[in-house]
Amino acid sequence: MSDRIRAVDLFCGGGGLSQGLLNAGVEIVAAVDNWDAAISFYRKNIRGHPVEKLDLLDGEGAAAYLQKYGFDMIVGGPPCQDFSSAGKRDESGGRANLTISYAQIIGRLRPKYFIMENVERAQKTKTFARALELFREAGYGTTVTVLDASLCGVPQKRKRVVVFGILGGHHNALIPAIRQNQSVSPMTIRDCFGERFGIQYYYRHPRSYARRAVFSIDEPSPTIRGVNRPVPQGYPGHPGDAAPVSGDIRPLTTKERSLLQTFPEEWDISGGKSETEQIIGNAVPVKLGEFIGRCFLQTVDGEEGGSVYPMDDAGEWTLFEQRGQYSA
């Protein structure tokens, strides 16, 4: 491709998706968010384009504002708390409306391309289904896929649904590139960092004691969340724990968590602890963003629109989840 694709990142957060796309070769011309702490974090670490505060719930107003930037693509991950297993899973909570606002912004501005990212659970919601309808009504061929970050260069078992859109393109155009580029086996912490953390096992606070809490560096980490708590007194243990809790078991540090999100080593993660932990937990892992960008560019650099994949018997476009499901 002779000219770099120019993108605006909506709901940019701490910049994980922006940095990943930059690494892949996409030019970010602007980024916006409505959270001051995330904007400050982003500005400290990614430079060369404006980062502005903007309320995206007003889709019409946001679209009018964004028109001043010359871009080919809109990317972003609308806040996921109303879909997330860590939240109340209530689509009426308000943040789910931001997914619709995102789709409406796409429909109004009709860039050549878009990328939308969210938690895996979002794909089962009415809000997500409506967003897909809006994308397709606006003329986009869409690829909907669930990516496991541990198969995409990230030492973390983090699953996210990603929607790619190509104006006038075919549905499921990116499946060949995703199939080609995913790893066969998941990346472990040891694969990525060796002995750097100086531990074999660590504690990750569970949502309930019905879940395991002690993990090994010889497996991908569980999803990095926005909270990071010490081992509580009286933790009862769990049959699935990788080791019994002892004085040697500790939670990961904020820096270690940022590295598992594949933030660059040199990034400045200083700031209020609770806000910084939330920014890190909410982010798209940088290497996952890079994987998304490379698969996208590989597709549009090859044959615009790519290959057509058939609908299933229910008339819905198939969701491809892991590399094993691509095998013949």
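No value in this document is a laboratory result; all are computed from the given coordinates. The structure displayed is predicted, hence computed values, not measured ones. Glycine also receives a Cβ, built like all others from the backbone with ideal geometry; neighbour counts cover every protein chain displayed.
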(request) Using 0.36 nm per residue of separation minus the Cα-Cα distance, give me the extension gain between VAL146 and HIS238 in nm, one decimal. (result) 30.2 nm
(request) Would you work out the charge dipole size for the chain about its Cα centre, treating the Cβ of every Lys and Arg as +1 and the Cβ of every Asp and Glu as -1, and quote it to the nearest 20 debye? (result) 660 debye
(message) With +1 on the Cβ of every Lys and Arg and -1 on the Cβ of every Asp and Glu, and nothing else charged, how large is the dipole of the stretch 147-226 about its Cα centre, in debye rounded to the nearest 20?
(response) 380 debye
(request) Within the stretch 221-296, report the GluC sites (Glu not before Pro) that DSSP leaves as loop and that have at most 14 other Cβ atoms within 10 Å. (result) GLU265, GLU266
(message) Tell me which trypsin sites (Lys or Arg not before Pro) from the stretch 7-87 have a DSSP coil assignment and no more than 16 other beta carbons within 10 Å of their own.
(response) ARG47, LYS68
(request) Rounded to the nearest 500, what is the 222 nm mean residue ellipticity of the chain from helices alone, with -39500 (n - 2.57) per DSSP H run of 4+ residues and division by all residues? (result) -9000 deg cm²/dmol
(request) Using only alpha carbon pairs under 8 Å that are at least six residues apart, calculate the relative contact order of the chain and give it in whole percent. (result) 20 percent
(message) Can you tell me which lysines have their Cα less than 18 Å from the Cα of LYS157? Leave out same-chain residues fewer than eight positions away.
(response) LYS287
(request) May I ask you to derive the FRET efficiency for ARG179 and SER246 from their Cβ-Cβ distance with R0 = 45 Å, giving the value to the nearest 0.05? (result) 0.60
